[in-house]
Amino acid sequence: MSGAPGGRRPTFPGLPGRAGAGTGVWGRLGALGAPDPVSVPAGERVLEEAAGARQRCGNGGGSVPGTLLCTNRRLAFLPGQAPGSRGLLRSEDEVALPCIHKLVAASSFSKPKVLTAASTLKFIPEELAVFCRDFRLLHFYFPENGLAPQAFRVANAIAQAREAAEWEGDAAEGHDGWSCPGEDPPEEDEDEEDEEEGSSTMLLFESLWDWEKELQRLGTVGWRVSTVNERFDMAPSLPQYLWVPSGLLDRDLKQTFAHFQERRVPRLCWHHPGGGDLLRAASFHPASEPGSEDVRCLEALLLGDRGPCILADTAELPTLADIQLAHLRLRALCLPGAVAEEKWLSALEGTHWLDHVRTCLRKAVEVVLLLAGKRCSVVLQEPSDRDLNCLLASLVQLLGDPHARSLPGFQSLVQREWVAAGHPFPHRLGLLCRDAPREEAPVFLLFLDCTWQLLWQFPADFGFTEAFLLALHDSSFSPYFSTFRFSCQRQRGRSSMPQLPSQTYWPVGGWQDPGGHRGGPRTCTFPPVWAWGQRYTRQQQEQFRNPMGPPAPAESLAPGTTLIPNPNPHPNPPLFLIPVLPFSQPGDPCPQGGPRLVLTLAKGSLCPHPLPWWSRPPPRPPHGVSLSESLGTQGGLLGTCQPPPGLLLPCTLGPCVRLWHRCYLRGLPQEQRGRLAPSLAGLAEELELLQERLRAWDTQRPH
C-alpha cells in the first residue's frame, strides 16, 4: 500500500454520523440469518467501520480478521462473528474513547504519526497502534485488499471522536442508558448473586434499608443510621445516610458539619468484631471556632464513651501528585522497548509505584492492629476525606473482615467506601476531558493493586480472583457505568431523573424508533459496574469467583491479646503478643475530670494530641506505645508472621510486593505469547505458537 501521490491528502468522504447502515458488517450478518440486534446506549452511533481489518497477536506474526468499528463512544474490534451474537457490547477488544492515551498511524513509506483531532494525515495508514490508559496495546493493520479508503476514514474518525467525547456534558445531563429491544436489560442470575454460606448479597447503599442491614451485620452497639443528610443539604458530597452515635440527636449533629472541611463529619465506617470502631472524617476546618454547645456535640461524635480516640491522618501516605506521577512512569515503562532489559528492574524501582503500595499496606496494618487491640476508636483524617481515606478504610476492612473478602462483600465495600462516600472518579481517573491535569490521580487503581497484593499472598482467603480485579480495573475506564461516571451520590441521583427514550441499532435497518418496538419507549439509566452481564459472558463471570469460596468468620479471640506465630519454623513456635493498650474501659470517667485521651498515630507510634478547641495540654498515656516494637524486631510491624484466623497481616518486604504482571505487562508482545487464550485473538495466537513449536520439533527429530 502506498501513500498519497505527491504527499497530498487523499480525497475521501468525510466523517458522517450514520443514522443507519444496511451495508458493511451489519448487512452481511443480516444476510446470514438476521442476527440479534446490538444492545447499545442511547445516543451512540457508528461513525466509521473497516471490514476486513486484522488484529495482531503478540510478536509471533499471527492475526485475526474482523471489523474495526469507531463509534462516538468507543473503538471496538469484532472478530469473525457467528449469526445471533451481540458482539459490540461483549467484545473483549473494545476501548472507550477516554481510555485511549495515544493513537499512532504507521505506513511503510512514512514515519509513524501520532493522530489528534487537529492533525492532518497525509498517507494511507497500513497499521494503527492504540495505546490504552489501562496498559493495553492494540495493533490493527489493513491488508492490501481495497481497504485504503476505510483505513483512512477510520483512523481520522478515531482521532476526532476521541477529542469530541464530551463526558462532562453527558454526565451532567444523564441522557443515556441501555436498551435491549423487546426485552428487559439482562440481569444477573439469582444463583450468581447468591453469596456463599454465612454471608448476604451485595448492597448498593442507596437506601436506608441497606445501611440498616449492614450496621446490623457489623454487630455494633451505640450506633444508629442518621437521615440528617437525606436531601444532601448538610454535606453535598456525603451519602444520604450516616452511621453516628445513638446518643447524638440529629439536631445536635447538624452543629458539627461546619467544623470540618467540605462539611464531611466523622462517621462510622466499620466495627471490628473485637470492639474497636473505625471512623473517617475530613480535617478540622481551620476557621471554625466552636462554642461550648458545639464542643459538646463534637466530642460526643469523636469520643463518645468508647474510650480513647486515635487520629490517623494520611500525611504518611503518598500525595495525589505522587500517585499520578508514579502511575504515568509505570505506564511509560510497560511499553515495548521503553528501556533495556538489564535496566528494567531499576527503572521499575524508580517509578515508586511499588513503594506507594507498601506504604498503604503498612498504614492499613497499623490501623487494624489498633482495632484488634480493642477499647479504642480510630479516626482516619484526610483534608478532603474523598481519596486516601477511601483507600485506607477499604484496606483496613479487607485485612480485618472476612466478609469484605467475599465477592459480594467486596462489591459492597467499594459501593460504601468509594461510591457512596463521594470519591471523585471522573476527576481522578481523567474521564472528564476538560479537567485540569493536576486533578488526575488513580487512587482507586492503587487500591486495586493493594488488593491484588493481598490476593497474591492469601489466595485461599478471598472469594474472588485476579480475573475479577482485572475486570474491575478495566471497567473503570468504561463510559457505561454510573459507578465511575459521577463524583458523589447526589450526582448519581440526578442522573436517574426523566431521560430520553432508549434507541436500538439493528444489523439491518440501523437505528430504530423506540415507539416501533414491542413494549413502547422505556426510560434509560446508567447501570452499576456490577451488572457484569452487560459486558462479560457467563463463562467469564464464572472466573470471577474463587472456587474455594470466602473464609468463615473469624472466631472471637480472648480479650486483651492477639496471638501471632513466630515466622521461624519450629515444632512449637513461640508466640508474639500484641498487648492491649492500657486505655480506660468504655464508660469509665474521664481522667481527672478532663477530656478523654486523644492520640495520633504517626510512624508506627502513638503520641498525645490536643483537639483544636482544647485550651490545656491533653492527658498523657501511662507510657509510650510503639506498635513497631509490639511484634518484635523480626520484620518490624509487617513481618512475615502468620496472622490469626480472620486477620490478614501482609508482608511488604522486598519481593513480597510484586508487580501485577497480568495487568501492567499485557501490552508487551513477549507477555502476550503462550498465554491461556481468553479470546479468539488469543486462541489464534496459541495455535500459531503450537504450530511453531511443532515445526521446530519436526526439524530436529531424526528421520
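Could you identify the single residue in 224, 231 that is assigned to a loop (DSSP other than H, G, I, E, B), modelled with pLDDT of 85 or more and of a type in the set (D, E, K, R)? Reasoning before the result, please.
Working: 224 fails: assigned to a loop (DSSP other than H, G, I, E, B).
Result of the check over 224, 231: 231.
Checking the structure you have, find out if any residue of segment 358-372 is open to solvent by 50 Å² or more (accessible area, probe 1.4 Å), closer than 29 Å to residue 602 by Cα, part of a helix (DSSP H, G or I) and touching a residue at least 12 places away in the same chain (Cβ under 8 Å).
Here is the first cut: in segment 358-372, the ones open to solvent by 50 Å² or more (accessible area, probe 1.4 Å) are 362.
Among the residues that remain, those that are also closer than 29 Å to residue 602 by Cα are: 362.
Of the ones still in play, those that are also part of a helix (DSSP H, G or I) are 362.
In the following step, the residues that additionally are touching a residue at least 12 places away in the same chain (Cβ under 8 Å) were identified as 362.
Looking for residues that are open to solvent by 50 Å² or more (accessible area, probe 1.4 Å), closer than 29 Å to residue 602 by Cα, part of a helix (DSSP H, G or I) and touching a residue at least 12 places away in the same chain (Cβ under 8 Å), one finds at least one in segment 358-372, hence yes.
Failed condition for residue 305, given (1) under 30 Å from residue 481 (Cβ atoms); (2) assigned to a loop (DSSP other than H, G, I, E, B), with all others met?
So the condition that residue 305 fails would be (1).
Can you tell me which condition residue 252 does not meet? The list is (1) farther than 29 Å from residue 372 by Cα; (2) free of Cβ contacts under 8 Å to residues at least 60 places away in the same chain; (3) outside any loop (DSSP other than H, G, I, E, B); (4) open to solvent by 40 Å² or more (accessible area, probe 1.4 Å), and all the others hold.
Going through the list (1) farther than 29 Å from residue 372 by Cα; (2) free of Cβ contacts under 8 Å to residues at least 60 places away in the same chain; (3) outside any loop (DSSP other than H, G, I, E, B); (4) open to solvent by 40 Å² or more (accessible area, probe 1.4 Å), residue 252 breaks only (4).
More than 30 Å from residue 132 (Cβ to Cβ), open to solvent by 10 Å² or more (accessible area, probe 1.4 Å), modelled with pLDDT of 95 or more and under 30 Å from the mean Cα position of the chain (by Cα), is that true of residue 244? Steps first, answer last, please.
On the way: more than 30 Å from residue 132 (Cβ to Cβ): yes; open to solvent by 10 Å² or more (accessible area, probe 1.4 Å): no; modelled with pLDDT of 95 or more: yes; under 30 Å from the mean Cα position of the chain (by Cα): yes.
Here the answer is no, as residue 244 does not meet what is asked.
Can you say whether residue 316 is of a type in the set (D, E, K, R) and closer than 24 Å to residue 386 by Cβ, as far as the supplied structure shows?
Working: of a type in the set (D, E, K, R): yes; closer than 24 Å to residue 386 by Cβ: yes.
Yes.
Which condition breaks for residue 350 when tested against (1) open to solvent by 10 Å² or more (accessible area, probe 1.4 Å); (2) over 22 Å from residue 449 (Cβ atoms)?
All conditions pass for residue 350, except number (2).
Could you pull out the residue among 281, 300, 287, 312 that is farther than 30 Å from residue 646 by Cβ, small (Gly, Ala, Ser) and in contact (Cβ under 8 Å) with a residue 24 or more places away in the chain?
Working: 281 fails: farther than 30 Å from residue 646 by Cβ; 287 fails: in contact (Cβ under 8 Å) with a residue 24 or more places away in the chain; 312 fails: farther than 30 Å from residue 646 by Cβ.
Unique residue meeting the criteria: 300.
Yes or no, residue by residue, for (1) at pLDDT 90 or above; (2) closer than 22 Å to residue 45 by Cβ; (3) open to solvent by less than 10 Å² (accessible area, probe 1.4 Å); (4) not hydrophobic (A, V, I, L, M, F, W, C):
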| residue | (1), (2), (3), (4) |
| --- | --- |
| 89 | no, yes, no, no |
| 93 | no, yes, no, yes |
| 103 | yes, yes, yes, no |
| 131 | yes, no, no, no |
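Among the listed residues 80, 66, 62, 58, identify the single one that is modelled with pLDDT under 85 and over 26 Å from residue 331 (Cβ atoms). Let's see the steps before the verdict.
Values: 66 fails: modelled with pLDDT under 85; 62 fails: over 26 Å from residue 331 (Cβ atoms); 58 fails: over 26 Å from residue 331 (Cβ atoms).
Going through 80, 66, 62, 58 in turn, just one is modelled with pLDDT under 85 and over 26 Å from residue 331 (Cβ atoms): 80.
Quick one: residue 309 ticks every box in (1) at pLDDT 95 or above; (2) touching a strand residue (DSSP E or B) at 6+ places or on another chain (Cβ under 9 Å) except a single one, so which number is it?
(1)
For segment 428-466, give me each residue that is aliphatic (A, V, I, L, M), at pLDDT 95 or above and open to solvent by 10 Å² or more (accessible area, probe 1.4 Å).
455, the sole residue that qualifies.
For segment 268-310, name all the residues that are open to solvent by 10 Å² or more (accessible area, probe 1.4 Å) and of a type in the set (A, V, I, L, M).
Selection gives 287, 295, 300.
If you check 109, 135, which single one turns out to be at pLDDT below 90 and either farther than 19 Å from residue 54 by Cα or among the charged types (D, E, K, R) (or both)? Step through it out loud before you land on a result.
Details: 135 fails: at pLDDT below 90.
The unique qualifying residue is 109.
Sort through 459, 426 and tell me the only one that's touching a residue at least 24 places away in the same chain (Cβ under 8 Å) and in contact with a Leu (Cβ under 6 Å, 6 or more places away or on another chain).
Selected residue: 426, the only one of 459, 426 that is touching a residue at least 24 places away in the same chain (Cβ under 8 Å) and in contact with a Leu (Cβ under 6 Å, 6 or more places away or on another chain).
The values are calculated or read from the model by the stated rules, or taken from the named source; none is laboratory data. Computed from a predicted model, the values in this text were never measured in an experiment. With ideal geometry, Cβ positions are generated from the backbone for all residues, glycine too; neighbour counts draw on all protein chains shown. Heads up: the accessible areas ignore ligands, DNA and RNA and are worked out on the full protein's heavy atoms, side chains in. Shrake-Rupley method; radii C 1.70, N 1.55, O 1.52, S 1.80 Å.
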